[in-house]
């Protein structure tokens, strides 16, 4: 999000061994004053394996300090911001903290974004998304199918795409994005003027895939930064008032950024800068 030009505050915990991560984020413009150094737990670790055949990745997580966030921590963080600000959350912190962030954030009038990665087969048993629904849900095809099967175990797959079916199953959801790798992404929107609608945005053409690590995170960052920028330009405060075309533009930019990310190895080092993305996809 910072590389896409957004003002970003990162809140969370690292161990004494994680100062280099804080310094690296700070070097890219992320404000790190809300990060707590945990004296007892090590920094959370992601062990990334990349297939030599497909360049796809599989990740093993060791939670560490990520799972030691208290509700007091969260209240301190939320008190630093105000209604209309954005909260972006993944499924890598302790569940009680994560569910509280979504519920309390929405109650306070924040725009809440949830990317349920990793998405276990029993996600809904611990994350009550049908009750504490985020404003924006971003997930990949596998995660979408898993989540949908948890909400509606038996459904008619002939008449509804997973994106639209999920949107209809979570009526308080404003925007749903399902990323589809080389196929691009599906955008589903609940708007006050047009009701539920779905569209597809293409993937970036001509991508020479080296490593897919970080592509999903890059998509999320660029989508949020682009959509937030557009809301400000339009003077719009409610996501329901957005036309699907505006959401498509943000998703198209995010898809291009994710494609560029796949052309480099690593996670943070592979995230492209805004000018590079615009230069490659040719639009804002």
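The values are calculated or read from the model by the stated rules, or taken from the named source; none is laboratory data. Predicted, not measured: the structure shown is a model, and the values here were computed from it. Methodologically, a virtual Cβ is constructed for each residue, glycine included, from the backbone with ideal geometry; neighbour enumeration extends over all protein chains shown.
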Completion exercise
Counting only residues that are touching a helix residue (DSSP H, G or I) at 6+ places or on another chain (Cβ under 6 Å), free of Cβ contacts under 8 Å to residues at least 60 places away in the same chain, surrounded by fewer than 22 Cβ atoms within 10 Å (Cβ to Cβ) and part of a loop (DSSP other than H, G, I, E, B), the range 188-243 contains a total of 3
Problem - Condition broken by residue 164, with the remaining ones in (1) touching a strand residue (DSSP E or B) at 6+ places or on another chain (Cβ under 7 Å); (2) under 30 Å from residue 48 (Cα atoms); (3) surrounded by fewer than 19 Cβ atoms within 10 Å (Cβ to Cβ) satisfied - result: (2)
Exercise for the section: Could you run through the range 82-111 and say how many residues are surrounded by fewer than 16 Cβ atoms within 10 Å (Cβ to Cβ) and touching a strand residue (DSSP E or B) at 6+ places or on another chain (Cβ under 9 Å)? Expected result: 1
Exercise for the section: Exactly one condition in (1) modelled with pLDDT under 95; (2) buried (at least 17 other Cβ atoms within 10 Å of the Cβ) is not met by residue 8; state its number. Expected result: (1)
Handout entry: Flag if residue 258 is modelled with pLDDT of 90 or more, under 20 Å from the mean Cα position of the chain (by Cα) and assigned to a helix (DSSP H, G or I)
Key = yes
Problem - Candidates 121, 132, filtered to the one that is in contact (Cβ under 8 Å) with a residue 24 or more places away in the chain, part of a loop (DSSP other than H, G, I, E, B) and farther than 21 Å from residue 60 by Cα - result: 132
Handout entry: Yes/no for residue 168 being closer than 30 Å to residue 259 by Cβ, under 13 Å from the mean Cα position of the chain (by Cα), without any contact (Cβ under 8 Å) to a residue 40 or more places away in the chain and in a helix (DSSP H, G or I)
Key = no
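Can you tell me which residue among 247, 277 is touching a strand residue (DSSP E or B) at 6+ places or on another chain (Cβ under 7 Å) and farther than 18 Å from residue 87 by Cβ?
It is 247.
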Completion exercise
Taking the range 52-74 and keeping only residues that are touching a residue at least 40 places away in the same chain (Cβ under 8 Å), closer than 16 Å to residue 117 by Cα and touching a strand residue (DSSP E or B) at 6+ places or on another chain (Cβ under 6 Å), one is left with 57, 59, 61
Handout entry: Neighbours by Cβ (under 9 Å, 6+ apart or cross-chain): first from the range 37-51, exposed (fewer than 10 other Cβ atoms within 10 Å of the Cβ); second in a strand (DSSP E or B) and at pLDDT below 85
Key = 47/59; 47/60; 47/61
Completion exercise
Taking the range 170-187 and keeping only residues that are under 19 Å from residue 140 (Cβ atoms) and in contact with a helix residue (DSSP H, G or I) (Cβ under 7 Å, 6 or more places away or on another chain), one is left with 173, 175, 176, 177, 178, 179, 180, 184, 185, 186, 187
Exercise for the section: State which residue is nearest to residue 213 (Cα to Cα) when the search covers only the range 27-67 and only residues that are in a helix (DSSP H, G or I) and under 20 Å from the mean Cα position of the chain (by Cα). Expected result: 66
Practice task
Looking at (1) in contact with a helix residue (DSSP H, G or I) (Cβ under 7 Å, 6 or more places away or on another chain); (2) within 29 Å of residue 57 (Cα to Cα); (3) part of a helix (DSSP H, G or I), find the lone condition where residue 99 falls short.
Solution key: (1)
Practice task
Return yes when residue 115 is closer than 18 Å to residue 46 by Cβ, surrounded by fewer than 17 Cβ atoms within 10 Å (Cβ to Cβ) and modelled with pLDDT of 90 or more and no when it is not.
Solution key: no
Exercise for the section: Answer yes if at least one residue in the range 83-95 is farther than 19 Å from residue 220 by Cβ, free of Cβ contacts under 8 Å to residues at least 60 places away in the same chain, out of contact with any helix residue (DSSP H, G or I) (no Cβ under 7 Å at 6 or more places or on another chain) and not in a helix (DSSP H, G or I), and no otherwise. Expected result: yes
